[in-house]
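Comments concern the structure below.
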Amino acid sequence: MSNFILLIFEFFKTGLFAIGGGLATIPFLQDMAVKYNWFSTEMLTTMIAISESTPGPMGINMATYVGYHMFGLPGAIATSLAIVTPSIIVICIIANMLKKFKENQTVQDIFYGLRPAVVALIAVACVDIFLITLFNIDFTSIAQLFNWKSWILLLVLIVANRFKKLNPILIILFCATVGAVFAF
């Protein structure tokens, strides 16, 4: 199977099973990084940062980023369509079924049961991002274990936010500027 078709398939699968939004796509992207070496885990953190700071849904932004990285504009279009197509199909099916089964207790129980899975996917993604951002996996000494720039930035943001509730847009702009200046 060609890499282009495989890329489309992987993002279709991600769109089908990443219930809960953009953060729920991160475990699938981590799997792609390990399985196919299309991008590194360091590049994944860059994708997450860019996807979070650009307008639009995070999952689609990351799919577009990977598609463009792999195959240029055709890849970006293909992966964007691949990740949203399952949602469109499922929404059409559910909308039709919900009209019929809106009050059905089983349907309500299924949606209620999905909540812990979504929380678990997002929690795992958050922990992984935390570890990748603040710790160096390939360290040769204890001093190199910590990504000191990230720790300092985190502490500055915590202290600043403690004294004055910061606007999320300002935080994103500040962090993007710091990242560009200090080349995180």
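Rule-based calculations on the coordinates, nothing more; no lab input. The structure presented is a predicted model; accordingly, all values stated were derived computationally and were not measured. Every residue, glycine among them, receives a Cβ derived from its backbone with ideal geometry; neighbour counts consider all protein chains shown.
For the reader, a short list of remarks on this structure follows.
- Using R0 = 35 Å, the C-beta based FRET efficiency linking residue 169 and residue 109 works out to 0.35.
- FRET efficiency, residue 149 to residue 123 (Cβ-Cβ, R0 35 Å, nearest 0.05): 0.85
- Summarising the amide proton neighbourhood of residue 146: residues at separation of 5 or more, or on other chains, whose placed amide H is nearer than 5 Å comprise 136.
- Range in the chain, longest, excluding exposed trypsin sites (Lys or Arg not before Pro) [loop by DSSP; at most 12 other beta-carbon atoms within 10 Å]: 1-101
- Kyte-Doolittle mean at least 1.0, axial Cα span of 30 Å or more - DSSP H helices of the chain: 58-101, 105-134
- Here the residues 16, 23, ranked from fewest to most Cβ neighbours within 10 Å of their Cβ, fall in the order 16, 23.
- Part-to-part distance (alpha-carbon centres) for segment 135-184 and segment 1-64, which is given in Å: 24
- For segment 1-109, the spread of Cα positions along each principal axis, largest first, Å: 46, 29, 26
- Of 42, 103, the sequence from fewest to most neighbouring Cβ atoms within 10 angstrom is 103, 42.
- For the pair residue 183 and residue 34 in one chain, pulling the backbone fully straight at 0.36 nm per residue adds 51.1 nm over the alpha carbon distance.
- Ranking 136, 11, 61 by Cα position along the charge dipole of the chain, where only Lys, Arg, Asp and Glu carry charges on their C-beta atoms, puts 61 farthest toward the positive end.
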